[in-house]
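Heads up, the thing below is written out as structure tokens.
The values are calculated or read from the model by the stated rules, or taken from the named source; none is laboratory data. Given the structure is predicted, the values throughout are model-derived calculations rather than measurements. Neighbour counts run over all protein chains shown; Cβ positions are idealised from the backbone, glycine included.
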Amino acid sequence: MGFFDKLKNGLKKTKASFLGRIDTVLAGFGKIDEDLFEELEDILISSDFGVETTENIMSSLRAAVKDKKLTDAADIRSELEQCISGLLNIGEMKLDTNDVPVVITVIGVNGVGKTTSIGKIAHLYKESGKSVLLAAGDTFRAAAIDQLAIWAERSGADIIKQGEGSDPAAVLFDACRAAKARKTDVLICDTAGRLHNKKNLMDELAKMARVVARELPDVRHETLLVLDSTTGQNAVNQARAFSEVADLTGIILTKLDGSSKGGVVVSICNELRLPVKLIGVGEGIEDLQPFSPDEYVAALFD
């Protein structure tokens, strides 16, 4: 199964709760009126597009209906697709696996699939012929170090690790030195998955960033936040909180295949102006892929 087919399959729950209801409502209205707009607004909000994003979509939809003098409810579907597509296209989205060398710091709360995502990113780069080194910077849990070691073996990447309770910045220092000595293309750094204290998190991330800047001054740096799409608007709130303490360059959205809340993709792009760079639609090592807004919309409305 190609990734587009996996994406379509993964969006089944979202399509059933969103597009199925949209089509039912449009079929029940012969003409476009205020009652129809209210029905569509309710569907968007309940599909986790969020209030702000829903308002933006509805505003664009009303303007399109007025400008094009549309009267048939059936015409709304294609206009809605265009409105959503417009909100998703906020510049370069995909993670370019050919743009190396690069250091990728991956952050996120426990349980969102952070360590798994790192393993799958490593696989993506390895498949494109790049050398990859993982840094086990989540020293808060011994299980996180062990899990990352398993993913390093699966993906064929090297790993730098220390024991539980070690200084994450010290792990990253060793990893940077190793990456420089080995002329590694991609260094991917795990971080502790907790947001117990904003100052603590900010200090830890800042310390790790200083190590990278000092040891690898000429290397591009990405900071990617992993979010669980099944949590809906809570994922948007997490992104908002992390963006206050870290210089995020993009989002990794996991578990789209288990979610009926696929509208959160649009909400993240629209409200936070953060590109969704990678999406996960399955358990397999190849089920995390660069995000394409056009493919997402096509799969959602197909």
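Do we have Val297 as surrounded by 17 or more Cβ atoms within 10 Å (Cβ to Cβ), modelled with pLDDT under 90, touching a Phe, Trp or Tyr at 6+ places or on another chain (Cβ under 7 Å) and over 30 Å from Lys180 (Cβ atoms) here?
Values: surrounded by 17 or more Cβ atoms within 10 Å (Cβ to Cβ): yes; modelled with pLDDT under 90: yes; touching a Phe, Trp or Tyr at 6+ places or on another chain (Cβ under 7 Å): no; over 30 Å from Lys180 (Cβ atoms): yes.
No; evaluated as a whole, the condition is false for this residue.
Looking only at residues of region 163-192 that are of a type outside the set (Ser, Thr, Tyr) and in contact with a Gly (Cβ under 6 Å, 6 or more places away or on another chain), we find that the one that is surrounded by the most Cβ atoms within 10 Å (Cβ to Cβ) is Asp190. Which numbered condition trips up Arg77, out of (1) in contact (Cβ under 8 Å) with a residue 60 or more places away in the chain; (2) over 21 Å from Val236 (Cα atoms); (3) in contact with a strand residue (DSSP E or B) (Cβ under 7 Å, 6 or more places away or on another chain)? Condition not satisfied by Arg77: (3).
Does Thr24 count as surrounded by 17 or more Cβ atoms within 10 Å (Cβ to Cβ) and either part of a helix (DSSP H, G or I) or within 34 Å of the chain's Cα centre (by Cα) (or both)? No; evaluated as a whole, the condition is false for this residue. All conditions but one from (1) of a type outside the set (Lys, Arg); (2) part of a strand (DSSP E or B); (3) over 17 Å from the mean Cα position of the chain (by Cα) apply to Val226; the one that does not is (3). Looking only at residues in region 10-21 that are crowded, with 16+ Cβ neighbours inside 10 Å and charged (D, E, K, R), the one that is nearest to Asp287 (Cα to Cα) is Lys13. Among the residues of this structure, Lys94 does not count as one that is basic (Lys, Arg) and without any contact (Cβ under 8 Å) to a residue 40 or more places away in the chain. What are the residues in region 173-222 that are in contact (Cβ under 8 Å) with a residue 40 or more places away in the chain and touching a His at 6+ places or on another chain (Cβ under 9 Å), if any? The answer is Ala209, Val212.
Quick grid of which residues meet (1) in contact with a Cys (Cβ under 9 Å, 6 or more places away or on another chain); (2) more than 28 Å from Asp287 (Cβ to Cβ); (3) of a type in the set (A, V, I, L, M, F, W, C):
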| position | (1), (2), (3) |
| --- | --- |
| Gln147 | no, no, no |
| Ile150 | no, no, yes |
| Glu164 | no, yes, no |
| Asp174 | no, yes, no |
| Lys183 | no, yes, no |
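The single condition among (1) on the phi > 0 side of the Ramachandran plot; (2) touching an Asp or Glu at 6+ places or on another chain (Cβ under 9 Å) that Lys69 does not satisfy is (2). Name the residue that is surrounded by the fewest Cβ atoms within 10 Å (Cβ to Cβ), counting only residues in region 195-234 that are under 20 Å from Asp48 (Cα atoms) and at pLDDT 90 or above. Ranking the candidates gives Asp228 first.
Within region 243-259, can you find the residues that are buried (at least 24 other Cβ atoms within 10 Å of the Cβ) and either of a type in the set (Lys, Arg) or over 12 Å from the mean Cα position of the chain (by Cα) (or both)? Don't jump to the end; show me each part of the working.
Our first condition is that a residue be buried (at least 24 other Cβ atoms within 10 Å of the Cβ); within region 243-259, this holds for 251-254, 256, 259.
Of everything in region 243-259, just one residue is buried (at least 24 other Cβ atoms within 10 Å of the Cβ) and either of a type in the set (Lys, Arg) or over 12 Å from the mean Cα position of the chain (by Cα) (or both), namely Ser259.
Screening region 190-216 for residues that are assigned to a loop (DSSP other than H, G, I, E, B) and within 23 Å of Ala157 (Cα to Cα) and picking the one that is farthest from the chain's Cα centre (by Cα) gives Leu216.
In the set Ala239, Ala175, which member is over 13 Å from the mean Cα position of the chain (by Cα) and not aromatic (Phe, Trp, Tyr)? Lay out the reasoning, then the answer.
Values: Ala239 fails: over 13 Å from the mean Cα position of the chain (by Cα).
Among Ala239, Ala175, only Ala175 is over 13 Å from the mean Cα position of the chain (by Cα) and not aromatic (Phe, Trp, Tyr).
Filtering region 27-43 to residues that are assigned to a helix (DSSP H, G or I), touching a helix residue (DSSP H, G or I) at 6+ places or on another chain (Cβ under 9 Å) and either modelled with pLDDT under 90 or farther than 25 Å from Gly258 by Cα (or both) leaves Ala27, Gly28, Leu36, Phe37, Glu39.
Are there any helices (runs of 4 or more DSSP H) wholly within region 44-162 with 1 or more residues that are surrounded by fewer than 19 Cβ atoms within 10 Å (Cβ to Cβ), at pLDDT 95 or above and of a type in the set (Val, Ile, Thr), and if so which?
Details: elements: 51-68, 76-88, 114-127, 142-155.
Those helices (runs of 4 or more DSSP H) span 142-155.
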